[in-house]
Amino acid sequence: MFNRQKPKLFREKTSKRISSPEQLDQLMEVIKPKDWLWLSTLGALVLGILLWSVFGVIDSTVMGLGILSSPQPIIPIEAEATGQLREIKVKIGDTVQPGDVIARIEQPELKLQLAEEQQNLIILEQQFQKENELIDREQSIQLADIEFKIESNKQLISQIQGLQATLSQSNQLSIESQRAELNERLSALSDLNKYLKEALEAQQKLFDQGLITETVFLQAQQQYLQNRDQIFLVRTNLTQLEAQEASFLQQFAENQNDLIELESSIRKLEADKTQLNLKNLQTLNQQIQQKQEILNKIAALEEQLEIQGQVISRKSGKILSIEASIGEILNPGTPVAILQESSGTEEDSNLKAILYFKTGEGKRVELGMMAEITPSVVKKDRFGGIIGTVSEVSPFPVSAAEATTTIGNSQLAQTVVDQERNIQVYVELKTEPKNFSGYQWSSGAGPQLSITQGTTATGTVVVEQRAPITYVIPLLRSITGTNQ
């Protein structure tokens, strides 16, 4: 067997120096002076880490997607009736005023109703024309008959009035003249009769005494009798004259009655004429009323067609997007376009960020939290983002339709909002007039470009700030198994 020599643990020189009693009183050099520099540096580093772990801050953030938008309200311009979209009269970027027509919608049912009422109007007018022609003919005949009767009665009245005038003037004067003449003659005859009677009585006495002849007596008697006959004749004539006067008066009275009847007949004929005209006027008014009812229906349908056939902007502003396409069937409330309302004064040029977060992360966002918004046109590693503050958080998840109303663009809303990312957060951006963009950036002065509305962006919100040691302590506890 070979004798194997044990290896030496120390070099021979070193062994001798250690074992030498002469050097037992000298200190052993453990760390060289140049190593103290590294130890000091390491100690300072460890101390710095300890201090940072206690007093430092680590931000806990959540990230969302969204868009930069104007602070002015964004509202949908909606259809007010059902129909097929026929024409869109605006394009994105157009400025509109209240009352401007945005689009036109086909209204086939209303158009059909309007056509039916217009046809009813034509039929009614034709019917009225025929009725009025018949009424005019009948009225012309009736009025002609009435006018003829009136004219005839007037002629009779004129004749009777002429006769009355004749009777009243000539006959009355003649009767009065004859009466006066007869009365005068009767008076004379009466006086003569008295004389003749006395003469006859004297002759009778003389004849009785034989003083005169019979012939003389008979002559006196004859004169007396003749005078009496004359008196009788005059009285007869007076009686006849009275009868003639009575007949005249009766005729005059009858003629007056005839005049009254003729005048009454004329008044009745005039009333009939008025009644006929009134009846025709009533018929005409009824026709006008029936026609007006249809005209009112036509006007109402035209107004309804005008209103429902148009999509009208109720506000002034700028068109952000078109939400419907030609030929699409619209229902009441269907958005046709998205409008950013204008304030009517000098516009506030500051933008705001509208971000959408996943439900769990969004629920951690609260008002006043700091945020950093990075537009898609900016490099984050170079410029960072725009500093902002959370101003509003939706209490409930929002749908893509609600996001469309907020953002003003349905395609973009579908991009940034889904079933997971649906918590809506508003961020007010901090301004800095000295910077080119006008906003305060997390890294320097920001890019040399204008940040405009409609720019997509990503955003992070600081939801929690913790000391680093608070992350280590739970880890140490889990390693050592200490619960307290």
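The conditions of being outside any strand (DSSP E or B), under 43 Å from the mean Cα position of the chain (by Cα), at pLDDT below 85 and farther than 30 Å from P447 by Cα are met by Q419. Take the residues in region 64-89 that are closer than 29 Å to P375 by Cα and under 23 Å from the mean Cα position of the chain (by Cα); name whichever of them is modelled with the lowest pLDDT. The qualifying residue modelled with the lowest pLDDT is I75. Only a single criterion out of (1) in contact with a Ser or Thr (Cβ under 8 Å, 6 or more places away or on another chain); (2) over 21 Å from G360 (Cβ atoms) is not satisfied by V427, namely (2). Here region 223-241 is the region considered, the condition is being of a type outside the set (A, V, I, L, M, F, W, C) and in contact (Cβ under 8 Å) with a residue 24 or more places away in the chain, and the residue that is nearest to L156 (Cα to Cα) is N237. Within the option set S190, S264, being in a helix (DSSP H, G or I), under 25 Å from S152 (Cα atoms) and small (G, A, S) holds for one residue only, S264. Would you pick out the residues in region 442-459 that are surrounded by fewer than 21 Cβ atoms within 10 Å (Cβ to Cβ) and assigned to a strand (DSSP E or B)? Of everything in region 442-459, those that are surrounded by fewer than 21 Cβ atoms within 10 Å (Cβ to Cβ) and assigned to a strand (DSSP E or B) turn out to be T456, T458. Any residue at all in region 302-324 that is on the phi > 0 side of the Ramachandran plot and of a type outside the set (F, W, Y)? Scanning region 302-324 turns up at least one residue that is on the phi > 0 side of the Ramachandran plot and of a type outside the set (F, W, Y). Residues considered: G385, G408, G368. Of these, the only one that is among the small types (G, A, S), in the same structural domain as L449 (by the TED database) and on the phi < 0 side of the Ramachandran plot is G385. With respect to (1) free of Cβ contacts under 8 Å to residues at least 12 places away in the same chain; (2) surrounded by fewer than 14 Cβ atoms within 10 Å (Cβ to Cβ), the lone exception for L206 is condition (2).
The number of residues in region 316-338 that are over 17 Å from I105 (Cβ atoms) and either of a type in the set (K, R) or assigned to a strand (DSSP E or B) (or both) comes to 6.
The values are calculated or read from the model by the stated rules, or taken from the named source; none is laboratory data. Keep in mind that what you see is a predicted model, and the values were worked out from it rather than measured. Reconstructed Cβ throughout: ideal geometry from the backbone, glycine too, with neighbour counts over all protein chains shown.
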